[in-house]
Amino acid sequence: MTCEPRRRLRRTARSITQAGVLALATTLPLWGPSAQALEQVIIKVPLLETSITVDLNELTDPNLLVRGNSDLAELDRASNGAIGRKLIELLNAPVPLSLAQVADGSVGSPLLEQALLVLSSFGSIQGRSPDLSGRTLQEAFRKASINGEPSLLALMKAIPGKSVTLDLGRARFIIEQMQRQHRRAEALLKSTPAVTVTAATGDSLPLQRSEVQLAVPHRKEPLKLLLLRPTRGGNGHLVVISHGLWDGPESFEGWARLLAGQGYSVVLPYHPGSDSSQQQAMLSGQVPPPGPEELELRPRDISAVIDAVAAGRLPSFAGVRGDRVVVIGHSWGATTTLQLAGVKPSDTLLRSRCSDLNDPERNLSWTLQCSWLKGVRRGAIQDARVISVVAVSPPTSLLFDQGAAQGMTGRVLLVSGSHDWVVPPDPEAINPMARSRALGNRLVLAKGGDHFNLRPGTSADGGVLGPLILAWTKGSFAAGAGVRPAPNASSFITDSGWGNSQIPLRDVTTRLGTN
C-alpha cells in the first residue's frame, strides 16, 4: 500500500464506525460450515480505491496489532496506535441480546436467513458453503458466548470460513436505514406505559389433540390439520392459526393450547406450498421456492377449514360454529389473516418500489413481498365469516396501499416487536395502523420482541402474547354485532392484565398519527 492511500486512510479512519461493525455482525450468520475459522478481515473504506486487510488474531489485543504484519497493523503504527485501539474497542462491543435471540429463533425458520441475503451486497465470506438451516448461526453464538455476552470479535472467530470482506459504506447505509425503521416504535414505547401482568386464574379444560387430512378443491393434495379442542366445556367458537413462511403449527401450538383450554376449538393448518416440508423439498431440489400463487392459496386454505367445520366434515368439531371465526397468524400467516379480514392487496407499490435498492423504507420483508407481484390480482380473498384477526409481524407496506382497509369486514389487532429486523415496525406496522385505527383496530408494540421470540412454541401459557391473544379473542366473540370495523368502534381489550414481565407490551393505538 502506497503512502498516499495511507494518508487518505488516516484522514478517513473515523469512518470505521460501530454501525459498520454491527452490520458485519448481521451479515456473518448467512453462511455455513467450512474447514476452518475466519482468518482475515478485509475492510473496504468509503470513497477510497484501496482496502485494509488484517489478520483476525491481531485484533484480539492492541499490542498484537502493533507487532503485526497486516495493512491495518502498518496503519496503526503510523497513527501511534489510535486506529487499532478504536477498531478493537468496536470489535469487542457486545452483540445485542436481541440478535442472539434471533439466532436461536432462526433454527428451523429460515425466513431470516433468506431475507438476510439482501445484506450480502455489502459483505461476503470467502471459503464457505451455503447453509440455510440456521444451525451454523446458533452454534457460532454458542461458541462466542462461552465467556459471557458475545462480542463481535468472538462472533467473527466462531464463524467458519477463510476471510470476510466488509464494505463500510454500504454497511453504514443499510444499518442506518434499519435503525430509522425502529425510531418511531422506540418513541411510542417510551411515551406509553407497559400493560400490567396478571397471573393466570382458573383451571384449564382437558384437551384432545389430533391430526387429520382434509381434501380441498384448490390444492391437489389434502390439507394436513392439527386440531386442539376441549373434551368438555367447549364454547362452540372456532379459532384458526396460520403459520409463516417455512414454519408450521408446532411453532404456535402454545396459542392453541391456551385457547382450547379456555373452551375454544382451534385448527392449525399446514400450508403445503410454504411450510417446513416445502422448504426441505426445495433445498433438496425437488420443488421450486414458494410461488406468488400462494398469496391466493393460503387464505383459501383457511376458508376451506371454515367450510369444513360449518359443514360438519370435521367430526371432532361437531357443534362448533363456522359463521363467526377468529384467525391468528404470524409473519406471512399474519398477512393471510389481513387478506381474510378484507384488506385488499394492490400491485401499485410493488411495481413502483421493488426495483429501488436505495428506497429509504426498504427492509428485509420486501424480499418476500416483492415475490408476490404476479399473485396480487388473485389475492383478494375476503371471508366475511372472519370477524376479527390477530396479525403478528405481518409484511404489509408494499402489498396494501393507503385505501386497502376501506372494505374491511374483520377487526384487526396488529402486534409488532421493537427488535424485529425482518419485518420492522415502521413502515410495516405503524403507518398502516395509523390509517386504520379509527375503525377500532389496535396496534400493540412488544419492547424487545423480534421476529421469532413472540412465537409461543408449545408453551401451554401461550408465551409472550398468550394473555393478549386470549383477551382479544374473548372480546371479539363477546362483541356481538359490534365486532365489525366501524368509526370509533370500541376496543376488545382493556388497558391492563395482558402484559408480559420479560417483554413489556404497550397498546400505542391512541398515540398514532393519521399518516
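The values are calculated or read from the model by the stated rules, or taken from the named source; none is laboratory data. Note that the structure is a prediction, hence the values are computed from the model and not measured. Neighbour counts are summed over all protein chains in view; Cβ atoms, including those assigned to glycine, are modelled from backbone coordinates with ideal geometry.
Quick rundown of the values:
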item: All positions within the stretch 471-492 that are in contact with a helix residue (DSSP H, G or I) (Cβ under 9 Å, 6 or more places away or on another chain), surrounded by fewer than 21 Cβ atoms within 10 Å (Cβ to Cβ) and hydrophobic (A, V, I, L, M, F, W, C); result: ALA486, ALA489
item: Single unsatisfied condition, LYS220 versus (1) assigned to a helix (DSSP H, G or I); (2) surrounded by fewer than 15 Cβ atoms within 10 Å (Cβ to Cβ); result: (1)
item: Residue count for the stretch 203-230, restricted to those that are under 18 Å from HIS243 (Cα atoms) and at pLDDT below 95; result: 0
item: The stretch 294-319, subset of a type in the set (Lys, Arg) and in a helix (DSSP H, G or I), residue farthest from the chain's Cα centre (by Cα); result: ARG300
item: All positions within the stretch 223-248 that are part of a loop (DSSP other than H, G, I, E, B) and surrounded by 24 or more Cβ atoms within 10 Å (Cβ to Cβ); result: HIS243, GLY244, LEU245, TRP246
item: Some residue of the stretch 268-288 being at pLDDT below 95, assigned to a helix (DSSP H, G or I), crowded, with 21+ Cβ neighbours inside 10 Å and of a type outside the set (D, E, K, R); result: yes
item: Cβ pairs under 9 Å, 6+ apart, first in the stretch 317-345 and within 15 Å of ARG229 (Cβ to Cβ), second of a type in the set (D, E, K, R); result: PHE317/ARG229; VAL320/ARG229; GLY322/ASP307; GLY322/ARG385; VAL325/ASP383; VAL325/ARG385
